[in-house]
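Participant: Right, I'll just put the structure down here and ask away after.
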Amino acid sequence: MRNIKLLQPAELDEAVALLAAANEEAKIIAGGTALVIMLRNRLIAPATLISLGRLQELRSIRHEPGTGLRIGALTTVRETEMSPVVREHNPMLAQAFGKVGNVRVRHAATVGGNLSEADYASDPPCALVALRARVKARSARGEREIPLTDLFKNFYETALASDEILTELIVPDPAPGSRATYLKFISRSSEDRPCVGMAVVLESESDGTCKNLRLVAGAVAEIPQEIAAAEALAHGKRLTDDLITEIAEAYAASIEPLSDLRGSAWYRKQIIAVLARRALKQALADS
Ligand SMILES: Cc1cc2nc3c(=O)[nH]c(=O)nc-3n(C[C@H](O)[C@H](O)[C@H](O)COP(=O)(O)OP(=O)(O)OC[C@H]3O[C@@H](n4cnc5c(N)ncnc54)[C@H](O)[C@@H]3O)c2cc1C
């Protein structure tokens, strides 16, 4: 491994300036759980690493009425999972972060790192797409917000520019009366990444009919998959067992899953239908 210069800025402004000056020769390191593997496998060979570890300003969880949860990018996955604020305002979010790998990984891995890595086989991204979350990104050119629906572009590829740092995750409060759940199906060891992840957010009218449904599958393609036509089947209707099966099957039929060590495309299609059905039933049962 070549010698790598390590920079440890103490403020975000400094980190952003260092990244701009490095002219694409530097990589950011947060918890290092993904980056160190990439270095060891010689997938990347940056001249410089810019550590975010000293940026305390990126390590916070708060709830802002009208905005929702605001989670700093350097907050660990474990801090997010265990946070009483997150559990109170968005239990499904705590549930999804709690499904990442194992406790050791969750203690080191950061929220910003998980989203920036953009590994297709991750848990939080599909939950956050279903929750219509967004992130803030900072560069020397300024700050912008990116909806999660636009963040993931391809395998390991996001809308972040090479001089941008993901600084914050913003998760709007769920609509009153809505229910949400995240299910993870693992095909190998209990600590593995998902073979299929399924997030559901279900908003109902006062008469029990469906106002809005968001059903998002993760780990089945390069980016989280949401099928609007399948979601639309629920609008204005009561979710009976037959309708749930129809939605789940329409959903599975519309996705062309990938094959990898965790499961073939055929196998994933069966699992998508099962998980979609289970997630919908679980969300309804939580009412
Ligand atoms: C054994 C193991 C099991 C795992 N299991 C799961 C699982 O089940 N589910 C799951 O979802 N994930 C899983 N992961 C992935 C894990 O969640 C990620 O590795 C982790 O979240 C990355 O965060 P980090 O802080 O360690 O990022 P780092 O490794 O420090 O960085 C990852 C990438 O993101 C970039 N980056 C980091 N922070 C920022 C930022 N703020 N702005 C811009 N770019 C940034 C880095 O340059 C790098 O390219 C697993 C990882 C391991 C090692």
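Each reported figure results from applying straightforward, stated rules to the coordinates on display, with no laboratory input. From a predicted model like this one, the values you see are computed outputs, not experimental measurements. Methodologically, a virtual Cβ is constructed for each residue, glycine included, from the backbone with ideal geometry; neighbour enumeration extends over all protein chains shown.
Participant: Can you give the angle from 0 to 90° between the axis of helix 12-21 and the longest principal axis of the chain, with both taken from C-alpha atoms, to the nearest 10?
Facilitator: Orientation of helix 12-21: about 70 degrees from the principal axis.
Participant: If you don't mind, another one. For Arg87 and Ser187, FRET efficiency with R0 = 30 Å and r from the beta-carbon atoms, rounded to 0.05? Can you show the working numbers first?
Facilitator: Working: r = 29 Å, r/R0 = 0.95.
Step by step, r from the Cβ atoms, then E = 0.60.
Participant: For region 42-118, give the magnitude of the charge dipole about the Cα centre (Cβ charges: +1 Lys/Arg, -1 Asp/Glu; no others), in debye to the nearest 20. Working shown, then result.
Facilitator: Working: 10 positive and 6 negative charges, 50 e Å.
With only Lys, Arg, Asp and Glu charged at Cβ, the dipole is about 240 debye.
Participant: Continuing with this model, one more query. Quick one: helix 241-254 against the long Cα principal axis of the chain, what's the angle to the nearest 10°, folded into 0 to 90?
Facilitator: Long axis of 241-254 versus the principal axis of the chain: about 40 degrees.
Participant: Kindly provide the pair-distance distribution of the chain built from C-alpha pairs, with 10 Å bins from 0 and whole-percent values in order of increasing distance.
Facilitator: Going out from 0 Å in 10 Å bins, the chain shows 7, 29, 34, 21, 8, 2, 0 percent.
Participant: Based only on other Cβ atoms within 10 Å, what is the fewest-to-most ordering of Val36, Val100?
Facilitator: Working: Val36 13, Val100 23.
If I rank by nearby Cβ atoms, fewest first, I get Val36, Val100.
Participant: What net charge is computed for the residues neighbouring Leu183, neighbours being all others with C-beta under 13 Å from the C-beta of Leu183, Lys and Arg scored +1, Asp and Glu -1?
Facilitator: Details: positive: Lys99, Lys184, Arg277, Arg278, Lys281; negative: Asp123, Asp286.
Net charge around Leu183: +3.
Participant: Classify region 53-185 as rounded, prolate or oblate, taking a ≥ b ≥ c as the square roots of the eigenvalues of its Cα gyration tensor: rounded when a/c is under 1.5, otherwise prolate if a/b is larger than b/c and oblate if not. Present the calculation step by step, with values, prior to reporting the outcome.
Facilitator: Details: a/c = 1.31, a/b = 1.23, b/c = 1.07.
It comes out rounded by the Cα gyration axes.
Participant: Which of Leu115, Leu43 has the fewest other C-beta atoms within 10 Å, and how do the rest follow up to the most? Please list the in-between numbers first.
Facilitator: Details: Leu115 23, Leu43 10.
Listing Leu115, Leu43 from fewest to most nearby Cβ atoms yields Leu43, Leu115.
Participant: What's the local net charge at Tyr156, with K and R +1, D and E -1, over the other residues with C-beta under 11 Å away? Present the calculation step by step, with values, prior to reporting the outcome.
Facilitator: Details: positive: Lys153; negative: Glu117, Asp119, Glu157, Glu222.
Net charge around Tyr156: -3.
Participant: What lysines does Lys136 reach when the alpha-carbon gap must be under 18 Å and sequence neighbours fewer than 8 apart in one chain are set aside?
Facilitator: Leaving aside lysines fewer than 8 places away in the same chain, those within reach of Lys136 are Lys153.
Participant: On to the next question. Using helices alone, I'd like the mean residue ellipticity at 222 nm for the chain: each DSSP H run of four-plus residues gives -39500 (n - 2.57), total over residue count, nearest 500. Don't jump to the answer; show the numbers that get you there.
Facilitator: On the way: 12 runs with 99 residues, N = 287.
Only helices count here, giving -9500 deg cm²/dmol.
Participant: Compute the projected area of the convex hull of the Cα atoms of region 226-268, averaged over all viewing directions, and report it in nm² to one decimal place. Display every interim value, and only then the final one.
Facilitator: Details: hull surface 13.6 nm².
That works out to 3.4 nm².
Participant: Beta carbons within 10 angstrom, averaged per residue: use that to sort the peptides 79-91, 120-132, highest first.
Facilitator: On the way: 79-91: 18.1, 120-132: 25.3.
So the peptides 79-91, 120-132, ranked by packing, come out 120-132, 79-91.
Participant: Separate question: What are the ³J(HN,Hα) values, in whole Hz, obtained from phi via the Karplus relation 6.51 cos²θ - 1.76 cosθ + 1.60 with θ = phi - 60°, for each residue of region 153-170 in sequence order, with x given for Gly and Pro?
Facilitator: 10, 6, 3, 6, 10, 10, 7, 5, 7, 5, 9, 9, 10, 6, 10, 8, 10, 10
Participant: Collect residues whose amide H, placed 1.01 Å from N in the peptide plane, falls under 5 Å from the amide H of Ile227; neighbours closer than 5 in sequence don't count.
Facilitator: Leu215
Participant: Name the lysines eligible as straight-distance cross-link partners of Lys269: C-alpha to C-alpha under 19 Å, and not fewer than 8 places from it in the same chain.
Facilitator: Reachable lysines: Lys184, Lys281.
Participant: Through the Karplus equation 6.51 cos²θ - 1.76 cosθ + 1.60, θ set to phi - 60°, convert the phi angles of region 71-84 into ³J(HN,Hα) values in whole Hz; use x for Gly and Pro.
Facilitator: Taking θ as phi minus 60°, the curve returns 10, x, 4, 8, 4, 7, 4, 5, 4, 5, 4, 8, 4, x Hz for region 71-84.
Participant: Here is a further query. Starting from the amide H of Tyr120, placed 1.01 Å from N in the peptide plane, find each other amide H under 5 Å away whose residue is 5 or more places distant or on another chain.
Facilitator: Answer set, sorted by chain and number: Tyr156.
Participant: Working from Cα positions, state the angle (0 to 90°, nearest 10) between the long axis of helix 265-285 and the longest principal axis of the chain.
Facilitator: 70
Participant: Which one, Leu258, Leu39, Val129, is farthest towards the positive end of the dipole of the chain when Lys and Arg carry +1 and Asp and Glu -1 on their Cβ?
Facilitator: About the Cα centre, the residue reaching furthest to the positive side is Leu39.
Participant: Dipole size in debye (nearest 20) for region 215-276 around its Cα centre, Lys and Arg Cβ +1, Asp and Glu Cβ -1? Display every interim value, and only then the final one.
Facilitator: Numbers: 5 positive and 9 negative charges, 21 e Å.
The dipole magnitude comes to about 100 debye.
Participant: Looking only at Gly197, Gly66, Gly53, which one moves most when the chain is put into a Gaussian network model with springs between Cα atoms under 10 Å?
Facilitator: Top of the fluctuation ranking is Gly66.
Participant: Hey, another quick one. Quote the FRET efficiency, to the nearest 0.05, computed for Ala108 versus Ala159 with a Förster distance R0 of 25 Å and r equal to the Cβ-Cβ distance. Don't jump to the answer; show the numbers that get you there.
Facilitator: Working: r = 25 Å, r/R0 = 1.01.
Once the sixth-power term is evaluated, E becomes 0.50.
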